[in-house]
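*Asks:* This is the structure I want to talk about, given as C-alpha cells.
Please treat every number below as a calculation from the coordinates, not as lab data. In this text the structure is predicted, and so the values were computed from the model without any measurement. Virtual Cβ from ideal backbone geometry, glycine too; neighbours counted across all protein chains shown.
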Amino acid sequence: MEKVRGFEVAKGFEDKNINLPVRKTKFAAGYDFEAAEDTVIPSFKKGMKPTLIKTGIKAYMQDDEVLILANRSSNPGKKGLILANSIGVIDKDYYGNEDNDGHIMFAFFNVKDEDIEIKKGDCIGQGIFQKYLVTDDDEAAGERTGGFGSTSK
C-alpha cells in the first residue's frame with residue numbers, strides 16, 4: 001500500500017508505548033495527540049520560553065499538504081494552556097529530518113497561577129491535514145536542513 005498521509009512513532013520513542021493520533025468521531029477534522037511523557041508546565045512569568053510537550057509522533061503527507069497543530073478547545077479554560085505560536089505548522093519536509101526525525105511537539109504557555117502537570121497519555125492538542133496553494137510566481141527551491149524551528153536558518 002502506498003503511503004499517502006499518516007502518523008508514525010518518531011525515533012527514540014519506539015519502546016515508549018506511544019499511541020498514534022486518532023479522530024474520536026467520524027466528522028471530527030482533528031486527530032488527537034497525546035503527551036509522550038509526564039511534563040510540568042510552569043505558571044507563566046514574563047520572559048520565559050514556552051514548554052515543549054513531546055508527542056513521540058511524526059507525520060508524513062503529500063507534497064501540497066500541511067499538518068496544522070491546534071489547541072484543544074478545553075485547554076485554555078480548564079488548564080490555562082495556550083499555544084505559544086497560536087498554531088503549529090508541520091511541513092512535509094519536517095518528516096524524518098536529521099535533527100529530530102520529524103518529532104512533533106506542542107509549545108504551551110500556562111496562564112494559570114499554579115503549575116499544570118500533564119501526564120503521559122493526556123490529550124494535549126489536535127492535528128488537521130490540509131491542502132495548501134502556492135502563487136503563480138513561486139520559486140521556492142530551498143531544502144530543510146534541521147528540525148524544530150529550523151526553516152529560517
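*Asks:* Multiply the residue gap between Asp91 and Lys46 by 0.36 nm, knock off their C-alpha separation, and tell me the result in nm, one decimal place. Show your work: numbers first, answer last.
*Replies:* Details: separation 45, 0.36 × 45 = 16.20 nm, distance 3.01 nm.
So the extension gain works out to 13.2 nm.
*Asks:* Mind sorting out which of (1) 1.08; (2) 1.01; (3) 1.59 is the real Cα Rg over 2.2 N^0.38 Å computed from the coordinates?
*Replies:* Only one option fits the structure, namely (1).
*Asks:* Where in region 2-28 is the amide nitrogen less than 13 Å from a point lying 7 Å along the Cα-to-Cβ axis of Glu37?
*Replies:* 12-17
*Asks:* I want to verify a result. In a Gaussian network model of the chain, Cα cutoff 10 Å, which of these has the top mean-square fluctuation: Glu139, Glu65, Glu34?
*Replies:* Glu139
*Asks:* Follow-up question, since we're still on this one. Given a cut-off of 20 Å, name the pairs among Lys54/Lys120; Lys26/Lys79; Lys79/Lys131 whose C-alpha atoms lie farther apart than that in the structure shown.
*Replies:* Lys26/Lys79; Lys79/Lys131
*Asks:* What number comes out for the charge environment of Lys24, summing +1 per Lys or Arg and -1 per Asp or Glu over other residues with Cβ under 14 Å away? Spell out each step's value before the answer.
*Replies:* On the way: positive: Arg23, Lys26, Arg72; negative: Asp32, Glu34.
Residues close to Lys24 contribute a combined charge of +1.
*Asks:* If you don't mind, there's one more thing I want to ask. Compute the Rg to Rh ratio over region 1-84 from the alpha carbon atoms, using the Kirkwood formula for Rh, and round to two decimal places.
*Replies:* Working: Rg = 15.0 Å, Rh = 15.1 Å.
For region 1-84, the value is 0.99.
*Asks:* Please enumerate, by chain and number, the lysines with C-alpha under 17 Å from the C-alpha of Lys78, excluding those fewer than 8 residues away in the same chain.
*Replies:* Lys112, Lys119
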